[in-house]
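Heads up, the thing below is written out as structure tokens.
The values are calculated or read from the model by the stated rules, or taken from the named source; none is laboratory data. What you see is a predicted model; the values in this text were computed from it and never measured. Please note: Cβ atoms are built from the backbone with ideal geometry, for glycine as well, and neighbour counts cover all protein chains shown. The protein model used for the area step is the full one, side chains on, heavy atoms only, and it has no ligands, DNA or RNA in it. Shrake-Rupley method; radii C 1.70, N 1.55, O 1.52, S 1.80 Å.
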Amino acid sequence: MYRWTKLILILTGLFCVILLNAQQVDSMLNIYRTNYLSEKTYLHFDREVYNKGETIWFKAYILAGEKPSDYSRNFYVDWYNEDGTILKHTILPIFESSARGMFIIPEKYAGKAVYVKAYTSWMLNFDTSFIFSKTLQIRGNDSIKTKRNLSTYTLQFFPEGGDLVLGISSKVGFLATDQQGLPISIKGAIFNNKHELIDSIISIHDGMGSFSLEPIVEQTYTCNWVDEFGYTHETNLPAVKNEGIILETSINEKKVIYVIKRSSEMNSTFKQLHVVASINHQLVYNASVNLSSKRNAGGNFYVGDLQTGVLQLTVFNHNWIPIAERVVFVNNQHHYFNTQLSIDNKRVTPRSKNIFTIYVPDSISSNLSIAITDASLPTNNSSNIYSQLLLSSDIKGYIHNPAYYFSSNQEEIKNHLDLVMLTHGWRRYKWNDIINNKLPAIKYPMDNDYLQIKGNIVSGNNIYSKLNQQMTLIMQSKDSTKQYFIVPILQDGSFKQRGLIFFDTATLFYQINKDKKLSDKITATFQSSLPIIYYPQKIKFNQYYAPDTSNLFLENLFYSTASKIKKQYDTTIILKNVTVYTKSKSAIDILDEKYTSGLFSNRNDYSFDMINDERAKASINVFYYLQNLIPGLSMSIPIMGSNGAEDANSDNVPGLSWRDGSPEIFINEIPADALSAMNLSMTDVAYIKVFKPPFMGSSGSGASGAIAIYTIKPTDKSTDKIKGMNSTILTGYSYYKEFYHPDYTYPQTKLPDTRATLYWNPYILTDKKNKTVKISFYNNDITQKFRVIIEGVNTKG
């Protein structure tokens, strides 16, 4: 009786442990979903292919899980060239879980593409391989085809569930790619170590395919294969485990069906297994599987009421250690809402007016963007809002042409999508952390506010600490609009005004209330109003583009040529109205005489007047200002924390690279380091000179040139005031100009209309009271067919 009681107690304890861990997983997933759900984003661009000098317009959509995110207030977009050098760091305000922005491609840009990384600061707390990235092709620089290096062609094998196990037949997926990660077609054969043929393989879609293999004792396996160009290769298959489990998974009739097979030799921890399925950090299924007396077991569960997305199925051993995993794509057609486009007036004659109507029958609020372009121009339809937010943002690694998997419900496409699931990794969170109650380390807290005006007031060498005192702030934007604020001054002399949105730069006028004479006796220091966040990894891009010799390219060339004619015409008109009466000293000459001395006054340099250049005040630091102005100059950026401080754990240091070396840096003609230069406030910099190598004023050889930075003298400080108020310049969100829509109602100039994007509107908002939106636009001089792309998200995701 005692033995039976003891056995019952042991079994009861075992059941409690199993139940406790299942509840623990569910509880921890809920904590992750509530407090640590990562955001994901998609950018809708007005086009996919551009010419040099054109403007790229975009709209960003930000989701958390399957719903629009309300986590973040600021959005970051970084633009890179092919060498991984940053071209521009764009910071935008988030409105309605979205943001709008633009990027002007440099006129002399030499790359074949511009590369984009887009993120929020909250996203940097998690695996950055899930961050949005995009390649935008630049025409005119693609006459040379990137050479493919056959030695870097790769073939990877992915046993279903994770492992090859001795004596168990399992499916093995494979993926063949070139050195850019793009798919290549292959065919080949599997041999054992006795050179016996086991099976033949052939890729069936985008370099992917699968085959079955049952490993045998003392055998290893190799694949001999031929790529699409006829080159032969040899690749070893993964090592075979003597014991383990195989996980087979499929979807049929809205049910996920799984089968678990174990090897004949198995230790006790593999005989009692746990199966957990989750999607968007939500537990949707858990079960226990007993393989003590049998080698195979299975189960199924209904997924027809789940949101469309990537579902993760994980098998744990007795001790809740993950031992097998598979991801499947659940497509319940829940990812779209109906949007209708009707044409009220369509005309394709030059400069004629078109009127379209957008109708959203749902009463749920929606947030849309629309781009209308010339349909004859080159485009890239390989991705869209469905493929990014439902697939690419939840799968590691490059997915080729992801929009294809949402093009129809054909069985063939479903099978191809399952190959993607089989051959791409997925790790939105780590199971060991979940089981051990370990939460993610949050380095970047949610930025739940927009811009801030903040600073400190000092009187001489003392903190200004008069009680119950206030400041009046007047912020004047570039369009002369003004905002007024009354800000309390705290006892430590600090002040703060939160929740501001302004773009480019603004002039801030300020004075102490009640005692205006104090304004001449105190000093107010204003900190940067923008959080300084950078993508924390070194970027290296090298994408492949083939030259386009089709008529599409020739038509695109027309736009580029006509645009150049227009610019030349504009320049000619301007020159006709310019009359030069005398030659006087330029502002640069005056600054050079005032600030430089000795060898620093020679003119083998680039010179920049920072006092009169408002772009300078809008730059984050000296590095950012110079990188777009000096040919060949590139910068490296330290990882910054959310408060603008350098990350103490980062090995990066700021620096500049020019002419295959590092230019020397001087501040007021005294040697300095890059960090000191980066930390200078842009409003304190008056003049910069960049000396071409060799720089003779260097203590060394000066072989890589030099950068001389001069801080502003008191006599050059701005005296702009409003009724005697002091002033300073503040940097706002990245400059944004409204998309230009010409109005040909009245006679216009005969200059060619070369717009490739005819209409762009990043914000079309509908709800139950406003379901219809009319848009009108004028055609250009050539377009005969329109391409209309409408994308968006409603409040249900």
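What is the one condition in (1) open to solvent by 50 Å² or more (accessible area, probe 1.4 Å); (2) not in a loop (DSSP other than H, G, I, E, B) that N354 does not satisfy?
(1)
Would you call G304 surrounded by fewer than 20 Cβ atoms within 10 Å (Cβ to Cβ) and outside any loop (DSSP other than H, G, I, E, B)?
Against the criterion (surrounded by fewer than 20 Cβ atoms within 10 Å (Cβ to Cβ) and outside any loop (DSSP other than H, G, I, E, B)), G304 does not qualify.
Could you check the stretch 439-529 for strands (runs of 3 or more DSSP E) lying wholly inside it with 1 or more residues that are farther than 26 Å from I91 by Cα and either modelled with pLDDT of 75 or more or not charged (D, E, K, R) (or both)? Steps first, please.
Working: elements: 451-459, 469-477, 482-489, 494-500, 505-512, 523-526.
It comes to 451-459, 469-477, 482-489, 505-512, 523-526.
Across the stretch 270-290, what is the total count of residues that are in contact (Cβ under 8 Å) with a residue 40 or more places away in the chain and either outside any helix (DSSP H, G or I) or acidic (D, E) (or both)?
The qualifying residues number 14.
Does R326 satisfy the condition of being assigned to a strand (DSSP E or B) and basic (K, R)?
yes
Looking only at the stretch 210-238, how many residues end up being small (G, A, S) and closer than 17 Å to S169 by Cβ?
2
Taking the stretch 47-97 as the region of interest, how many residues are under 26 Å from E107 (Cβ atoms), open to solvent by 20 Å² or more (accessible area, probe 1.4 Å) and among the acidic types (D, E)?
4
So in the stretch 741-781, with the set limited to residues that are hydrophobic (A, V, I, L, M, F, W, C) and touching a strand residue (DSSP E or B) at 6+ places or on another chain (Cβ under 8 Å), which one is most open to solvent (accessible area, probe 1.4 Å)? It would help to see each step written out before you state the result.
From the stretch 741-781, those hydrophobic (A, V, I, L, M, F, W, C) are 751, 756, 758, 760, 764-765, 773, 775, 777; that's our starting set.
Checking which are touching a strand residue (DSSP E or B) at 6+ places or on another chain (Cβ under 8 Å) leaves us with 756, 758, 760, 764-765, 773, 775, 777.
Numbers: A756: 4, L758: 1, W760: 4, I764: 5, L765: 81, V773: 35, I775: 5, F777: 7 Å².
Restricting to residues being hydrophobic (A, V, I, L, M, F, W, C) and touching a strand residue (DSSP E or B) at 6+ places or on another chain (Cβ under 8 Å), the top hit is L765.
Residues in the stretch 279-300 that are open to solvent by less than 30 Å² (accessible area, probe 1.4 Å) and within 24 Å of G173 (Cα to Cα): how many?
Qualifying residue count for the region: 3.
Only one residue in S376, S382, S363, S393 is open to solvent by less than 10 Å² (accessible area, probe 1.4 Å) and outside any strand (DSSP E or B), so which one is that?
S393
Please pick out the residue among V330, V289 that is of a type in the set (A, V, I, L, M) and over 20 Å from K40 (Cβ atoms).
The conditions single out V289.
Restricting attention to strands (runs of 3 or more DSSP E) lying wholly within the stretch 171-252, give those where 2 or more residues are of a type in the set (A, V, I, L, M) and within 30 Å of G304 (Cα to Cα).
245-252
Can you tell me which residue within the stretch 183-220, out of those that are of a type in the set (S, T, N, Q), open to solvent by 60 Å² or more (accessible area, probe 1.4 Å) and within 18 Å of T232 (Cα to Cα), is farthest from the chain's Cα centre (by Cα)?
Once the filter is applied, the top-ranked residue is S200.
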